[in-house]
């Protein structure tokens, strides 16, 4: 049985219907870290579904098991296949899925490298105009607007303006720095690069657009939650309010910016701690979603 129609139907559901359901749900903003994992899992699942569908379209009379075994043999895994030299259709069945996956991975790595170069140039400028503050372990930048941002990656840097140093209390500054350090330690720039790479390959897909937009918001909320482990909600919200007008340079994460109002409302609004079972189920969902295309293509019993 050819699995291409089922795989394409699954890809349509994941690419068009599920993202709209996600954006209309309330739970992602309550549990931003698991929600970010689910968004990334959906992009992986869509990529695999399209890759497997391409393989099936190239060899419509061959079961997917054979194509997967051929792909493993092509990657040097498993026992060598005793079959004769592959036909053109069989070569396409291997080349097309590899091309889909390679395109997404390459676009993600390109975005990661490009933003890495942008951050490196910005760090060079900071070395010339910024002043290192060993007490806060940050670079203080002369600027009239209170602000703070981080440059993740190699030689990560946290930057605050001198206006923020003068305006914020010690506890507020601690909450801001905890937020920025959460971005650095969580390697959030890598996750965003993956979303941007996926959107580059599938630019008109609702999943690509919404995953990129929502992931940026969810990672900021996840960093807020890390800061709230050691600081009160009022302290963090006040610091966000004071720096709401600040903007981060390209490739950086800022505690203020366009999402500040939404995040302040979340921090100060009614708060319900998600049940550990719910968090566990979302983590399990993020792990299971990328495997669903294989179940669609190779249901039990076939």
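Derivation of every value follows stated rules applied to the coordinates shown; laboratory data play no part. Worth saying up front: this structure is predicted, and the values here are computed from it rather than measured.
Gaussian network model of the chain, Cα springs within a sub-10 Å range: biggest mean-square fluctuation belongs to which of 199, 11, 106?
Between 199, 11, 106, it is 106 that shows the largest mean-square fluctuation.
Evaluate the Kirkwood expression for the hydrodynamic radius of the range 123-275, namely the inverse of the mean inverse distance over all pairs of different C-alpha atoms, and round to one decimal in Å.
After inverting the mean inverse Cα-Cα distance, the result is 16.0 Å.
With springs connecting C-alpha atoms under 10 Å apart, model the chain as a Gaussian network and identify which of 276, 249, 152 has the largest mean-square fluctuation.
276
Contour minus end-to-end for residue 25 and residue 271, with contour as 0.36 nm per residue of separation and end-to-end as the Cα-Cα distance?
87.0 nm
Rounded to the nearest 500, what is the 222 nm mean residue ellipticity of the chain from helices alone, with -39500 (n - 2.57) per DSSP H run of 4+ residues and division by all residues?
Dividing the helical sum by the residues of the chain leaves -21000 deg cm²/dmol.
Just the ratio, please: alpha-carbon radius of gyration of the range 105-167 over 2.2 N^0.38 Å, N its number of residues.
After normalising by residue count via 2.2 N^0.38 Å, the value is 1.27.
Looking at the chain as a GNM with Cα springs under 10 Å, which of 192, 177, 287 has the largest mean-square fluctuation?
Checking each option, the largest mean-square fluctuation is seen for 287.
May I ask you to compute the full-extension gain from residue 110 to residue 87, defined as 0.36 nm times their residue separation minus their alpha-carbon distance, rounded to one decimal in nm?
4.9 nm
Using only the Cα atoms of the range 157-247, what semi-axes does the equivalent ellipsoid have when each is the square root of 5 times a gyration tensor eigenvalue? Give whole Å, largest first.
Ellipsoid half-lengths, sorted descending, are 29, 13, 12 Å.
With the cut-off at 1.5 for a/c, could you classify the range 198-298 from its C-alpha gyration tensor as rounded, prolate or oblate?
oblate
Length gain on complete extension for the stretch residue 298 to residue 16, per 0.36 nm per residue less the alpha carbon to alpha carbon distance?
Full extension of this stretch gives 99.2 nm more.
Counting every Cα pair in the chain, what percent are over 31 Å apart?
That tail contains 41 percent of the Cα-Cα pairs.
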